[in-house]
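A.B. asks: I have a structure I would like to understand better, so I am pasting it below and will then ask my questions one at a time.
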Ligand code: SAM
């Protein structure tokens with residue numbers, strides 16, 4: 001896949017660390033399921049639909065971790081390619097700052113036209129205007145300079161390309177907010193303690209969700225970064241939201 005990057009995470013370390021990653025990736029998936037009661041799969045599915053998979057298109061999945069979004073996107077694009085009898089296959093690259101997540105993703109099965117790249121969302125190692133779509137799922141919250149990252153994700157999009165961000169957000173009704181507070185401040189750190197033996201990290205996660213700007217404020221940041229026709233779709237009453245913007 002030629003997105004213009006040089007730094008590929010496929011290294012010989014892969015074999016040495018396989019078992020460690022196996023365990024952490026499995027735990028990571030289990031935690032995602034427990035914390036969101038399995039709903040994160042539906043949210044990711046909706047995200048992929050909004051990203052417009054199609055024959056011959058190119059996706060960069062930033063903070064892509066083990067590659068859930070990129071794989072689902074490629075599956076959908078390839079299904080369309082075959083249904084239309086086209087010979088144009090889509091391509092995707094998973095870019096993540098953490099090589100261990102990438103290695104765990106590769107371990108799940110390499111596939112054609114899916115590449116892996118170590119990258120910081122703030123300085124993506126891709127040429128300008130190479131992608132039809134850029135996704136970031138549950139990643140923007142961890143980025144230090146959000147505007148810088150949003151601008152760089154816009155830079156790598158082709159004119160007419162779309163940016164789709166899935167992130168935890170704010171419940172839109174008071175009763176749901178109360179329920180959600182009880183779940184996230186009470187249950188999540190406890191589940192983190194039991195399953196991942198790491199209460200502090202999950203406590204941090206809950207707090208980082210609270211600190212993230214609400215739907216409208218984050219939409220304004222997309223506009224500040226230069227995205228056009230910015231829209232917000234609340235998922236599960238605003239527990240998560242998809243922010244979308246276009247490069248025109
Ligand atoms: N997108 C995947 C998913 O939805 O399953 C992974 C989400 S995981 C919660 C967050 C990911 O963001 C991690 O893999 C982490 O390494 C990555 N990340 C954090 N800060 C980053 C940055 N500045 N640039 C790129 N990736 C980053």
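Read-outs: derived from the displayed coordinates by stated rules, not from any lab. Keep in mind it's a predicted model, so treat the numbers as computed, not measured. Because the Cβ atoms are built from the backbone with ideal geometry, glycine has one as well, and the counts that use them run over all protein chains shown.
A.B. asks: Compute the distance from the alpha-carbon center of segment 154-189 to that of segment 215-248, in whole Å.
C.D. replies: With segment 154-189 and segment 215-248 each reduced to a Cα centre, they are spaced 11 Å.
A.B. asks: Averaging over every viewing direction, what projected area does the convex hull of the Cα atoms of segment 104-248 cover, in nm²? Display every interim value, and only then the final one.
C.D. replies: On the way: hull surface 39.7 nm².
Across all orientations, segment 104-248 yields a mean hull projection of 9.9 nm².
A.B. asks: Another question, then. Take segment 104-187, drop everything but the C-alpha atoms, weight them equally and run the Debye formula without solvent; then report log10 I(q)/I(0) at 0.18, 0.21, 0.23, 0.24 Å⁻¹ to two decimals.
C.D. replies: -0.90, -1.03, -1.12, -1.18
A.B. asks: For residue 174 and residue 151, what is the calculated FRET efficiency with R₀ set at 41 Å and r taken between the beta-carbons, to the nearest 0.05? Write out the running numbers ahead of the final one.
C.D. replies: Numbers: r = 35 Å, r/R0 = 0.87.
Calculated value: 0.70.
A.B. asks: Would you work out the Kirkwood radius for segment 40-162? I mean one over the mean of 1/r across all pairs of different Cα atoms, in Å. Walk me through the intermediate numbers first.
C.D. replies: On the way: mean 1/r = 0.0696 Å⁻¹.
14.4 Å is the Kirkwood radius here.
A.B. asks: Mean-square fluctuation check for the chain, GNM, Cα pairs under 10 Å: which of 91, 223, 207 is largest?
C.D. replies: Among 91, 223, 207, the largest GNM mean-square fluctuation belongs to 207.
A.B. asks: When DSSP assigns beta bridges and you keep just the ones with both residues in the chain, what percent turn out antiparallel, to the nearest 5?
C.D. replies: On the way: 15 of 35 bridges.
Of all bridge pairs located within the chain, approximately 45 percent are antiparallel.
A.B. asks: How fast does segment 201-244 diffuse by Stokes-Einstein, in µm²/s, taking the Kirkwood radius from C-alpha pairs at 37 °C and 0.692 mPa s? Could the numbers behind the result be given before it?
C.D. replies: Numbers: Rh = 11.4 Å.
The calculation lands on 287 µm²/s.
A.B. asks: If each residue of separation counts as 0.36 nm, what is the full-extension length gain between residue 182 and residue 86 once their alpha-carbon separation is subtracted? If you can, show how the numbers build up before the last one.
C.D. replies: Details: separation 96, 0.36 × 96 = 34.56 nm, distance 5.02 nm.
Full extension from residue 182 to residue 86 adds 29.5 nm.
A.B. asks: Using the Cα gyration tensor of segment 172-211, with a ≥ b ≥ c the square roots of its eigenvalues, what is the shape: rounded (a/c below 1.5), prolate (a/b larger than b/c) or oblate (neither)? Please list the in-between numbers first.
C.D. replies: Working: a/c = 4.23, a/b = 1.88, b/c = 2.25.
Oblate shape, in that a/c is at least 1.5 and b/c is the bigger or equal ratio.
A.B. asks: Related question: Given N residues in the chain, what is Rg(Cα) / (2.2 N^0.38 Å)?
C.D. replies: On the way: Rg = 17.8 Å, N = 248, 2.2 N^0.38 = 17.9 Å.
In units of the globular-protein estimate, the chain measures up at 0.99.
A.B. asks: How high is the relative contact order of the chain, in percent, with contacts defined as C-alpha pairs under 8 Å that are six or more residues apart? Mind showing how you got there, number by number?
C.D. replies: Details: 453 pairs, mean separation 49.6, N = 248.
RCO, the chain: 20 percent.
A.B. asks: Could I ask something else about it? Only bridges whose two residues both fall in segment 120-248 count here: according to DSSP, what percent of them are antiparallel, nearest 5? All intermediate terms of the calculation are to be shown ahead of the outcome.
C.D. replies: Details: 14 of 20 bridges.
The antiparallel fraction comes to roughly 70 percent.
A.B. asks: Another question about this same structure. Please arrange 34, 102, 222 by counting, for each residue, the other beta carbons lying within 10 Å of its beta carbon, fewest first. Please list the in-between numbers first.
C.D. replies: Numbers: 34 16, 102 28, 222 25.
Fewest to most other Cβ atoms nearby, the residues stand as 34, 222, 102.
A.B. asks: Provide 58, 141 in ascending order of the number of other Cβ atoms located within 10 Å of each residue's Cβ, fewest first. It would help to have the intermediate numbers written out before the result.
C.D. replies: Details: 58 22, 141 19.
Neighbour counts put them in this order, fewest first: 141, 58.
A.B. asks: Additional query: Say a paramagnetic label sat at a point 7 Å from the Cα of residue 233, along Cα to Cβ; which residues of segment 193-218 have their backbone N under 18 Å from it?
C.D. replies: Counting backbone N atoms under 18 Å from the label point, the list is 215-216.
A.B. asks: Tell me the mean residue ellipticity at 222 nm calculated for the chain from its helices only (DSSP H runs of n ≥ 4, each -39500 (n - 2.57), averaged over every residue, nearest 500).
C.D. replies: Numbers: 10 runs with 109 residues, N = 248.
Value at 222 nm, helices only: -13500 deg cm²/dmol.
A.B. asks: Per the Cauchy relation, a quarter of the hull surface: what is the mean projected area of the convex hull of the alpha carbons in segment 131-178, in nm²?
C.D. replies: On the way: hull surface 17.3 nm².
For segment 131-178, the mean projected area of the Cα convex hull comes to 4.3 nm².
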